[in-house]
1. Take every Cα-Cα pair in chain B and report what % of them are more than 27 Å apart.
2. Rounded to the nearest 10 degrees, what's the angle between the helix B:104-114 long axis and the longest principal axis of chain B, both from Cα atoms, 0 to 90?
3. Suppose a student asked you for the relative contact order of chain A, using Cα pairs under 8 Å spaced at least 6 residues apart; what percent would you report?
4. If you average the sequence gap of Cα pairs under 8 Å that are 6 or more apart and divide by the length of region A:1-158, what percent do you get for the contact order?
5. With charges only on Cβ, +1 for K and R and -1 for D and E, what is the dipole size of chain A about its Cα centre, in debye, rounded to 20?
6. Compare the Cα positions of A:Leu410, A:Gln37, A:Trp240 along the charge dipole of chain A (+1 at Cβ of Lys, Arg; -1 at Cβ of Asp, Glu; about the Cα centre) and return the one farthest towards the positive end.
7. Which length gain, in nm to one decimal place, applies between A:Ala153 and A:Ile632 when the Cα-Cα distance is subtracted from 0.36 nm times their residue separation?
8. Counting DSSP beta bridges in region B:34-175, what percent are antiparallel, to the nearest 5?
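Every number here is computed from the coordinates shown, using simple stated rules; none is lab data. The shown structure was predicted, so the numbers you read here are calculated from the model rather than taken from an experiment. As a convention, Cβ positions derive from the backbone with ideal geometry for all residues, glycine included, and neighbour counts pool all protein chains shown.
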Amino acid sequence: MIAEIGHFALILALVFACSGVIVSHLGAMANNEAIMQRTVGFSFAQFIMALASFAALMYSYIISDFSVLNVAANSHSLKPLLYKISGTWGNHEGSMLFWVLILTLFGAAVAFGKSLPLRFKARVLGVQSLLILGFLLFILLTSNPFERLLPAALEGNGLNPLLQDPGLAFHPPMLYMGYVGLSVAFSFSIAALIEGEITPMWARWVRPWTLVAWTFLTGGIALGSWWAYYELGWGGWWFWDPAENASFMPWLAATALLHSAIVVEKRDALKSWTILLAIVAFSLSLLGTFLIRSGVMTSVHAFAVDPERGIFILGFLAFVIGGAFSLYAWRAPKLAPSGLFGLVSRESALILNNILLSTFTAVVLIGTLYPLFYEASTGSQISVGPPFFEFGTRLLMTPLIVALGMAPILAWKRGRLSKAFQITIPAAIVALAVFVLTIWSDINGLIMTGLGLGLASWLVVAIFLDLAQKTQLFKTPSRAFKRLWNLPRATFGMHFAHFGLAIILFGITISEAWTSEKLAFMAPGQSEQVGPFTYQFDSVMPFAGPNYTGIRAQFTVIKDGVTIATLLPEDRVYTDPVTNTTEAGIYPLPSGDLYAVIGESGSGGRWSVRLYFKPFISGLWLGAGLMMIGGILSLSDRRLRLGAPAGKKQSAPKIQKPAKAEV
Amino acid sequence: MQRFFPLLIVIFLVILFAYMLRDGRNPSEIKNVHVGEAIPQFSLTDISNTGEISDQSIRNEKTPILVNFFASWCVPCRAEHDNLMALANTHNVRILGIAYKDQPEDSRAFLEELGNPFYKYGGDIDGSVGFEWGVTGVPETFLIDSNGRVRYHHYGPIVGDALHTKILPQLEDLSQ
């Protein structure tokens, strides 16, 4: 009964989505306020129906209703409650329903807002409803989560054990919030293209939505990478797998969009490009969904593959993205820029940022799709490995970070490079010193390590110098704190995010360069030296969990005769379905992670084990966390500004220096 | 004209995807180009004083053999070593060892420590032979029939029930 209610709610949502599409555009064409106002109601109704439908599915999971095919195929009565709940979105059908729920949630949030002009809002909601309509059709026609199983199964098949993990329970929702959040920027762009006008106000409306999506996407990617680090047991955290790239590309495009929208807002320039970026960012989200679910590529994310679904998503993809770009090709000539700015200015720095970030996006896209292209044209297989992506990253991120240190110091409209150089000299000296010292002292002597550390130090010092400049720390130190307090939150947001990038760079460089690793074949009682640590293999014990059995090894880590940690890596065998998973034993120290994995057993009671010391690897997740805080700070700034008078100059002090009036 | 570029890219990608979604394509299958084919041309560095080893010397065997890529630095190779010893001693299978990207003295020490299951072994010090064979890592094992054709390719270590469910049945098929 509950499942039928869920199914019915989904059909009602489809009806409301249809109505939303038609009514909004009819109302806008007729310019009839009463009709346009209806769209708001339809958006709320879509959300309520999607919520009811999702709740029905979740309920079926919680009570383990195995007469629902989806529950029987993906759940098990003995599973812990958390994983029964997360099982709702841990499969293809449920995750698509979750996707629709978030689409409608963002639609309802836009509908709820009061700042948009009614006509524009109706257009936005019309486009959003069209996206919702497409996904609802996809679910109802090819992936119905409420399909019944008669007779009901006695027991479910269980959730893929790799997914039975707290990190992964929350990785998909966060990622989907990010992917789907970009739909708002998309809808705003299409609405603006239909209306044929983009104003600085447009950028102000679209930026917070992009920030929300970007913040969630950052969190989702970080969680996914953390999960890979401790669950896959290879000690790695990023593999340039198609699924990872699928989440990284929208993130890069969204990051570029965040920056280019500032130029639209401040200078009424770069409009056509920003619209394009907004379309591209969401298109890349859709592309990622397609790549992973259609079965066209292999990746660590194996959804049940169904060619029919692949064809449907491809058709929808072609319609949405192709339609958007056709509209763009038709309307772009109307988006002439009005604002001018000098070659050396904050605007130009943001353009440089966009060129580098979008080139990087293209590099990742080409690397991801090239194997497919190669196979289609030659019939044989090829894989594009990390060296390609890493080369692209170094080539493009080096100038990005150099520019990043100086850009916040440049003035809007017309800056002076000489002044920016002058202020950042100490940062350059520190960076150079770090570079030289690294090359000098490190026996590995890798130039890349020096470069990474130098760039990260450059960024950190440059951020400090910019803050010192803005608070006049060196001129009137006594009032600097008060000035710091009065800086706009968006400035803090920006610096937090940039500082996060520096920390990530530190984390990557240090952990790559100084990881000690040992692959050993050892018996309990033996010990191995890993860097400065002695890993003593104490024992291997069998144990049983709620729905798995396994072995747990115990390692004692000793440094200078002092026991500092006990690591308990596990090798689990889940019963339903029978799957092997490894759980790395990790102990984070301030200086780095102690990491142990237990592998296969061999002759003589010995086990193959992998032991690592990974210095400062937590910088990766710490940095991602700082980036998210940056996003949230920047968002909170916007909320404060909503109450401010709506004049253009006062309302857009985003990253501008507060001490100076705009020239 | 530029404004049409994004659209053109999308059209190109849609055609590519549509083509790749056609029936009967399994993207997770790794095709080894050699299964069903004659073994590739190669010759190994003599590190064991067992004479020259090349594709020609395998063809001269006139009996089915296993070709095992191993390395002293490879931990899973240790895990499968007992099974290789059993194959050689209990099942009387001739196994040719190829030490992949390994120093000759390390390979010799490895076999001295764990026992030598190979009737012959040679060194692929720079990994070029592995490249010819299309190995993706070590250990990997190939089954070669008496005509010098690759009949089966095993990825990863022969551990667990792989010996009894994969390797031995394939060998039996060949000897019939």
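1. Values: 5107 of 15400 pairs.
Tail of the P(r) past 27 Å holds 33 percent of the pairs.
2. On a 0 to 90 degree scale, this one is about 70.
3. Relative contact order here is 11 percent.
4. Values: 249 pairs, mean separation 58.8, N = 158.
Dividing the mean separation by the residue count of region A:1-158 yields 37 percent.
5. Dipole size: approximately 3600 debye.
6. A:Leu410
7. Details: separation 479, 0.36 × 479 = 172.44 nm, distance 4.57 nm.
This chain segment gains 167.9 nm when fully extended.
8. 55
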